[in-house]
Amino acid sequence: GDRLRLGRHTLPCPVALGPAEAITVAVRPEDLAPINPSEILNPDALWLARIEQAIDLGHYRKVLADAPDLFAGDEASARAKVKVYVPKAFSAREGDPLWLKPSRYLVYAGDAQPIEVHQPIVHAALPSPLRF
């Protein structure tokens with residue numbers, strides 16, 4: 001249909017995608033955006049992970065997190081690790097939940113060229129400024 005299933009989650013399927021036996025979705029660590037669920041219109045579209053390790057790399061942090069809902073099957077727990085690059089100002093403590101949304105991903109279908117998909121992050125409407 002119009003959705004790609006990744007474990008318990010889905011992503012929009014590219015329109016140009018035809019039938020294929022094997023489909024692979026690739027998301028780079030810098031394309032996983034950490035999100036505050038209260039600031040987004042559709043929090044159900046977020047992926048929940050739990051921070052296992054946060055590594056300070058100067059101007060950004062590399063976060064290793066467990067995201068079991070992204071994978072299905074018997075080996076899900078072994079493959080459920082994701083790597084995310086977050087800004088230095090982002091609070092990343094081990095054991096904390098981490099809500100993620102892919103802003104960009106590639107879809108590989110069979111031997112065809114990969115299809116790049118950009119997914120905008122739509123924030124909830126902010127209250128209008130107070131007038132004095």
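What the table below lists for this structure:
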{"quantity": "Cβ pairs under 7 Å, 6+ apart, first in the stretch 46-61 and on the phi > 0 side of the Ramachandran plot, second open to solvent by 70 Å² or more (accessible area, probe 1.4 Å)", "calculated": "none"}
{"quantity": "Strands (runs of 3 or more DSSP E) enclosed by the stretch 8-58 - at least 1 residues per element that are loosely packed, with under 12 Cβ neighbours inside 10 Å and over 17 Å from the mean Cα position of the chain (by Cα)", "calculated": "47-56"}
{"quantity": "Lone unmet requirement of (1) open to solvent by less than 40 Å² (accessible area, probe 1.4 Å); (2) of a type outside the set (K, R); (3) in contact (Cβ under 8 Å) with a residue 60 or more places away in the chain for V86", "calculated": "(3)"}
{"quantity": "Pairs, first more than 14 Å from A112 (Cα to Cα) in the stretch 3-22, second among the hydroxyl-bearing types (S, T, Y), C-beta under 8 Å, six or more apart", "calculated": "R3/T10; L4/T10; L11/Y105"}
{"quantity": "Candidate set from the stretch 90-113 (those that are over 14 Å from D66 (Cβ atoms) and in contact with a helix residue (DSSP H, G or I) (Cβ under 6 Å, 6 or more places away or on another chain)); member that is most open to solvent (accessible area, probe 1.4 Å)", "calculated": "R104"}
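The values are calculated or read from the model by the stated rules, or taken from the named source; none is laboratory data. If you're wondering where the values come from, they're calculated on a predicted model, not measured in any experiment. Quick reminder, even Gly has a Cβ in these numbers, built from the backbone with ideal geometry, and neighbours come from all protein chains shown. In case anyone asks, the SASA skips ligands and DNA or RNA and just uses the protein heavy atoms, side chains included. Shrake-Rupley method; radii C 1.70, N 1.55, O 1.52, S 1.80 Å.
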